[in-house]
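Chemist: Sharing a structure, written as C-alpha coordinates. Questions coming.
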Amino acid sequence: MIVSVGIDVVLVDRFAKAMERTPLLVDRLFTADERQTTSGNPRSAESLAARFAAKEAVAKALGAPGGLHWHDCEIVTDPDGRPWLTVSGTVAAVAAERGVSRWHLSLSHDGGIASAMVVAEGGS
(Lines give C-alpha, C1' and ligand atoms only; values in the text may rest on other atoms or scores of the structure.)
Protein backbone atom coordinates (compact mmCIF):
# COMPACT_ATOMS: atom_id res chain seq x y z
CA MET A 1 0.00 0.00 0.00
CA ILE A 2 1.30 3.46 -0.85
CA VAL A 3 1.72 5.55 2.29
CA SER A 4 2.87 8.75 0.59
CA VAL A 5 4.72 10.28 -2.35
CA GLY A 6 7.37 12.99 -2.43
CA ILE A 7 8.85 14.91 -5.34
CA ASP A 8 11.45 17.65 -5.60
CA VAL A 9 13.30 19.56 -8.31
CA VAL A 10 16.64 21.38 -8.07
CA LEU A 11 18.18 23.89 -10.45
CA VAL A 12 21.59 22.35 -11.13
CA ASP A 13 23.40 25.66 -11.72
CA ARG A 14 22.08 27.12 -8.47
CA PHE A 15 23.07 23.96 -6.57
CA ALA A 16 26.57 23.97 -8.15
CA LYS A 17 27.06 27.61 -7.14
CA ALA A 18 26.00 26.80 -3.56
CA MET A 19 28.59 24.00 -3.48
CA GLU A 20 31.27 26.40 -4.74
CA ARG A 21 30.37 29.07 -2.16
CA THR A 22 30.20 26.60 0.72
CA PRO A 23 32.73 23.78 0.18
CA LEU A 24 31.66 21.90 3.34
CA LEU A 25 28.08 21.72 2.05
CA VAL A 26 28.80 18.54 0.10
CA ASP A 27 30.13 16.80 3.22
CA ARG A 28 27.16 17.98 5.27
CA LEU A 29 24.57 16.76 2.75
CA PHE A 30 26.12 13.56 1.39
CA THR A 31 27.83 10.47 2.71
CA ALA A 32 31.24 9.50 1.34
CA ASP A 33 29.63 6.82 -0.85
CA GLU A 34 27.13 9.32 -2.28
CA ARG A 35 29.87 11.77 -3.21
CA GLN A 36 31.58 9.35 -5.58
CA THR A 37 30.63 7.02 -8.39
CA THR A 38 31.06 3.27 -8.09
CA SER A 39 34.39 3.68 -9.91
CA GLY A 40 35.56 6.14 -7.23
CA ASN A 41 35.32 9.34 -9.28
CA PRO A 42 33.61 12.43 -7.84
CA ARG A 43 29.96 12.75 -8.83
CA SER A 44 28.89 15.52 -11.19
CA ALA A 45 26.86 18.49 -10.00
CA GLU A 46 23.85 17.03 -11.85
CA SER A 47 24.15 13.74 -10.03
CA LEU A 48 24.55 15.38 -6.61
CA ALA A 49 21.65 17.73 -7.30
CA ALA A 50 19.43 14.74 -8.11
CA ARG A 51 20.50 13.05 -4.87
CA PHE A 52 19.72 16.22 -2.94
CA ALA A 53 16.30 16.33 -4.61
CA ALA A 54 15.77 12.73 -3.47
CA LYS A 55 16.55 13.61 0.14
CA GLU A 56 14.12 16.53 -0.05
CA ALA A 57 11.48 14.28 -1.63
CA VAL A 58 11.89 11.79 1.24
CA ALA A 59 11.38 14.57 3.77
CA LYS A 60 8.23 15.67 1.93
CA ALA A 61 6.92 12.10 1.80
CA LEU A 62 7.37 11.94 5.58
CA GLY A 63 5.51 15.20 6.13
CA ALA A 64 8.66 17.35 6.45
CA PRO A 65 9.21 16.79 10.18
CA GLY A 66 12.03 18.64 11.91
CA GLY A 67 15.15 16.92 13.12
CA LEU A 68 15.96 14.72 10.13
CA HIS A 69 19.67 14.26 9.49
CA TRP A 70 20.92 14.41 5.89
CA HIS A 71 23.20 11.37 6.26
CA ASP A 72 20.30 9.26 7.58
CA CYS A 73 18.91 9.19 4.04
CA GLU A 74 21.40 7.76 1.57
CA ILE A 75 21.10 7.18 -2.15
CA VAL A 76 23.27 4.23 -3.11
CA THR A 77 23.85 2.73 -6.54
CA ASP A 78 23.69 -0.98 -7.31
CA PRO A 79 26.22 -2.63 -9.66
CA ASP A 80 23.88 -2.00 -12.62
CA GLY A 81 23.78 1.72 -11.88
CA ARG A 82 20.26 1.77 -10.44
CA PRO A 83 19.80 4.16 -7.49
CA TRP A 84 18.37 2.82 -4.23
CA LEU A 85 17.29 4.61 -1.11
CA THR A 86 18.44 3.50 2.32
CA VAL A 87 17.34 5.12 5.56
CA SER A 88 18.72 4.94 9.07
CA GLY A 89 18.61 6.89 12.32
CA THR A 90 16.22 9.84 12.35
CA VAL A 91 14.74 9.13 8.93
CA ALA A 92 14.17 5.44 9.68
CA ALA A 93 12.49 6.31 12.98
CA VAL A 94 10.00 8.71 11.36
CA ALA A 95 9.40 6.27 8.50
CA ALA A 96 8.59 3.53 11.02
CA GLU A 97 6.17 5.86 12.85
CA ARG A 98 4.41 6.51 9.53
CA GLY A 99 4.30 2.81 8.65
CA VAL A 100 6.81 3.02 5.79
CA SER A 101 8.62 -0.25 5.20
CA ARG A 102 9.87 0.16 1.62
CA TRP A 103 10.95 2.98 -0.67
CA HIS A 104 10.86 3.41 -4.45
CA LEU A 105 13.09 6.04 -6.06
CA SER A 106 13.48 7.67 -9.44
CA LEU A 107 16.16 10.26 -10.26
CA SER A 108 16.56 12.37 -13.38
CA HIS A 109 18.48 15.38 -14.64
CA ASP A 110 18.19 17.19 -17.94
CA GLY A 111 18.12 20.76 -19.20
CA GLY A 112 19.68 22.15 -16.04
CA ILE A 113 17.09 20.61 -13.72
CA ALA A 114 17.53 17.63 -11.43
CA SER A 115 14.48 15.86 -10.07
CA ALA A 116 13.57 13.00 -7.80
CA MET A 117 10.41 11.17 -6.92
CA VAL A 118 9.98 8.79 -4.03
CA VAL A 119 7.13 6.50 -3.15
CA ALA A 120 6.84 5.37 0.45
CA GLU A 121 5.23 1.95 0.74
CA GLY A 122 3.91 0.25 3.83
CA GLY A 123 1.52 -2.40 5.00
CA SER A 124 1.61 -6.09 4.30
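Chemist: Which of the residues that make up region 114-124 are closer than 12 Å to PHE52 by Cα and open to solvent by 30 Å² or more (accessible area, probe 1.4 Å)? Lay out the reasoning, then the answer.
Modeler: Looking only at region 114-124, we keep the residues that are closer than 12 Å to PHE52 by Cα, and these are 114-117.
Hits for region 114-124 are SER115, MET117.
Chemist: Residues that are touching a strand residue (DSSP E or B) at 6+ places or on another chain (Cβ under 9 Å) and open to solvent by 30 Å² or more (accessible area, probe 1.4 Å): which helices (runs of 4 or more DSSP H) entirely in region 1-83 hold 1 or more of them?
Modeler: Fully inside region 1-83 and qualifying: 32-35, 45-61.
Chemist: Within region 88-124, how many residues are in a strand (DSSP E or B) and closer than 15 Å to GLY6 by Cα? Give the steps one after another, and end with the answer.
Modeler: As a first pass, look at region 88-124 and keep what is in a strand (DSSP E or B): 100-110, 113-122.
Next, from what is left, pick out any that are closer than 15 Å to GLY6 by Cα: 100, 102-108, 114-122.
Number satisfying all stated conditions: 17.
Chemist: Identify, from the list SER88, SER106, the residue that is out of contact with any Phe, Trp or Tyr (no Cβ under 6 Å at 6 or more places or on another chain), exposed (fewer than 14 other Cβ atoms within 10 Å of the Cβ) and of a type in the set (S, T, N, Q).
Modeler: SER88
Chemist: To continue, here is another question. Within the set of pairs 6 or more residues apart or between chains, which connect a residue that is in contact (Cβ under 8 Å) with a residue 24 or more places away in the chain and closer than 15 Å to ARG35 by Cα inside region 59-88 to a residue that is open to solvent by 40 Å² or more (accessible area, probe 1.4 Å) and assigned to a loop (DSSP other than H, G, I, E, B) with Cβ atoms less than 6 Å apart?
Modeler: THR77/THR38
Chemist: Same structure again: Could you list, in sequence order, the residues of region 67-108 that are modelled with pLDDT of 95 or more and under 18 Å from GLU46 (Cβ atoms)?
Modeler: Result: ILE75, LEU105, SER106, LEU107, SER108.
The values are calculated or read from the model by the stated rules, or taken from the named source; none is laboratory data. The model shown is predicted, which means the values in this text are computed figures rather than measured ones. Heads up, the Cβs are rebuilt from the backbone with ideal geometry, glycines too, and the neighbour counts pull from every protein chain shown. Protein only, heavy atoms only, side chains kept; ligands, DNA and RNA dropped before computing areas. Shrake-Rupley method; radii C 1.70, N 1.55, O 1.52, S 1.80 Å.
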